[in-house]
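Novice: Following this message is one structure expressed as structure tokens.
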Amino acid sequence: MPFLSFGSKKGKVKKMFESDQLQLVVEEATKDKKTREALFELLQDDNPGVVGDALLTMVTLMDTNPDAIRPHLNGDAIKKLLSLVESRNPYVRENAMILLYSLAKSLPDLAAKYRGLIIEEAERALESGDKNQKGFILILIGELGLKELEPRVRGLVGVEDKVILPFEGRKWVKLGDIASETLEKLSEA
């Protein structure tokens, strides 16, 4: 028996993921703070499947009870989620995108609190990200009303590259079209 086994539940949650007990993790995370903390710890795991499962569990929690993970979302967690959008693993990348979009829609006060950090990370992604990452960041910019990035968005309006995002109606859409939609949202904000 490991010393201080009453501490983190990271190992237990990881084993549950590895034995396809995702729904059980969701049920436990709904009720148990330590399980939710373990989900955030597992975002650092070396196994992309475990990271993707942790993200998917958080997405499910966001759908049922966004306030459950609110206390766990600090600057480091937001930065980590934004960095996972750049993952080469599609399971991780897509779940990170879905979770961040859900956070932007469900917890706008949290996005406002970390606005500076989000703008900084969005600028970096627009500079060095691939077309899919840029497409997602454009959607996030529009959703959060980040007018500070309007000049950067405007610079992508004519881009013909097509992106594939994990959202309904966002597969094979021109990056420039997403930029135009984002500009419309920013003008309404």
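The values are calculated or read from the model by the stated rules, or taken from the named source; none is laboratory data. This structure is a prediction, so every number in the text was calculated from the model and none was measured. Cβ sites come from the backbone with ideal geometry, for glycine too, and all protein chains shown count toward neighbours. These area figures cover heavy atoms from the full protein model, side chains too; ligands, DNA and RNA do not enter into them. Shrake-Rupley method; radii C 1.70, N 1.55, O 1.52, S 1.80 Å.
Novice: Report P(r) for the chain: all Cα-Cα distances, bin width 10 Å, range 0 to the bin holding the largest distance, values in whole percent.
Specialist: Bin by bin from 0 Å, the calculated values are 9, 36, 33, 16, 5, 1, 0.
Novice: Something else about it: Taking Cα centroids, how far is segment 16-39 from segment 102-120 in Å?
Specialist: Comparing the Cα centres of segment 16-39 and segment 102-120, I get a distance of 25 Å.
Novice: Enter the accessible area per residue of the chain (Å², integer; probe 1.4 Å; all protein chains in place).
Specialist: Counting only protein heavy atoms, the per-residue value for the chain is 51 Å².
Novice: Here is a further query. Note down the nm distance, to one decimal, between modelled labels 7 Å out along Cα→Cβ at Ser106 and at Ala77.
Specialist: With each label point 7 Å from Cα toward Cβ, the separation is 1.2 nm.
Novice: Picking from Gly155, Thr35, Ile178, whose Cα lies most toward the positive end of the charge dipole for the chain (charges on Cβ: Lys, Arg +1; Asp, Glu -1)?
Specialist: Of the listed residues, the answer is Thr35.
Novice: Please list, by residue number, every one of the trypsin sites (Lys or Arg not before Pro) in segment 78-140 that is coil in DSSP and has at most 10 other beta-carbon atoms within 10 Å.
Specialist: Filter output for segment 78-140: Arg88.
Novice: Name the longest site-free stretch of the chain, where the excluded sites are GluC sites (Glu not before Pro) in a DSSP loop with no more than 10 other beta-carbon atoms within 10 Å.
Specialist: That gives 1-159 as the longest site-free run.
Novice: Taking a 18 Å limit on the Cα-Cα distance, which of the listed pairs Lys10/Lys33; Lys14/Lys34; Lys31/Lys80 fall beyond it?
Specialist: Lys31/Lys80
Novice: If you take the C-alpha gyration tensor of segment 17-91, multiply each eigenvalue by 5 and take the square root, what semi-axes do you get, largest first, in whole Å?
Specialist: In descending order the semi-axes read 18, 16, 10 Å.
Novice: If one takes the longest principal axis of the Cα atoms in the chain, at what angle in degrees, from 0 to 90 and to the nearest 10, does the Cα axis of helix 22-31 lie?
Specialist: 80 degrees
Novice: Next up: Quick one: dipole size for segment 1-145, taken about the Cα centre, charges +1 on Lys/Arg Cβ and -1 on Asp/Glu Cβ, in debye to the nearest 20.
Specialist: Charge dipole of segment 1-145: 240 debye, to the nearest 20.
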